[in-house]
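Asker: Input: one structure, supplied below.
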């Protein structure tokens with residue numbers, strides 16, 4: 001018959017063997033993954049090497065587009081500032097002219113009141 005110590009030893013060895021098998025499987029998966037990653041990196045390297053000139057051209061085009069867009073933004077900014085100044089000047093000029101017009105209307109009103117006081121148009 002088996003003693004308690006024999007059963008405990010069996011369980012320890014059993015779980016030890018399971019752990020070793022699990023570790024071996026994990027190492028196999030890790031090696032397989034690393035091999036796949038290596039294949040992908042080699043493929044990416046070949047693609048980059050094959051298209052190096054096109055990639056450089058694209059980077060140059062992006063730089064040129066960036067410069068052009070910056071120039072356009074600068075032009076829009078200066079144009080916006082000029083329009084803002086023109087609109088402000090127009091509003092100020094319009095305000096001054098309307099103030100002058102209302103001053104003229106006020107003076108005309110006072111003249112008409114004075115004339116009506118001097119020459120009353122009442123029928124009595």
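Here is a yes/no grid of residues against (1) surrounded by 10 or more Cβ atoms within 10 Å (Cβ to Cβ); (2) in contact with a strand residue (DSSP E or B) (Cβ under 7 Å, 6 or more places away or on another chain); (3) at pLDDT 80 or above:
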{"site": "74", "(1), (2), (3)": "yes, no, yes"}
{"site": "83", "(1), (2), (3)": "yes, no, yes"}
{"site": "87", "(1), (2), (3)": "yes, no, yes"}
{"site": "94", "(1), (2), (3)": "yes, no, yes"}
{"site": "97", "(1), (2), (3)": "yes, no, no"}
{"site": "107", "(1), (2), (3)": "yes, no, yes"}
{"site": "121", "(1), (2), (3)": "no, no, no"}
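Asker: For the stretch 47-65, check the following and say yes or no: at least one residue is outside any helix (DSSP H, G or I), without any contact (Cβ under 8 Å) to a residue 12 or more places away in the chain and under 54 Å from the mean Cα position of the chain (by Cα). Steps first, answer last, please.
Answerer: From the stretch 47-65, those outside any helix (DSSP H, G or I) are 51; that's our starting set.
Then keep just the ones that are without any contact (Cβ under 8 Å) to a residue 12 or more places away in the chain; that gives 51.
In the following step, the residues that additionally are under 54 Å from the mean Cα position of the chain (by Cα) were identified as 51.
Taking every residue of the stretch 47-65 in turn, at least one turns out to be outside any helix (DSSP H, G or I), without any contact (Cβ under 8 Å) to a residue 12 or more places away in the chain and under 54 Å from the mean Cα position of the chain (by Cα).
The values are calculated or read from the model by the stated rules, or taken from the named source; none is laboratory data. Everything quoted here is computed from the prediction, not taken from an experiment. Reconstructed Cβ throughout: ideal geometry from the backbone, glycine too, with neighbour counts over all protein chains shown.
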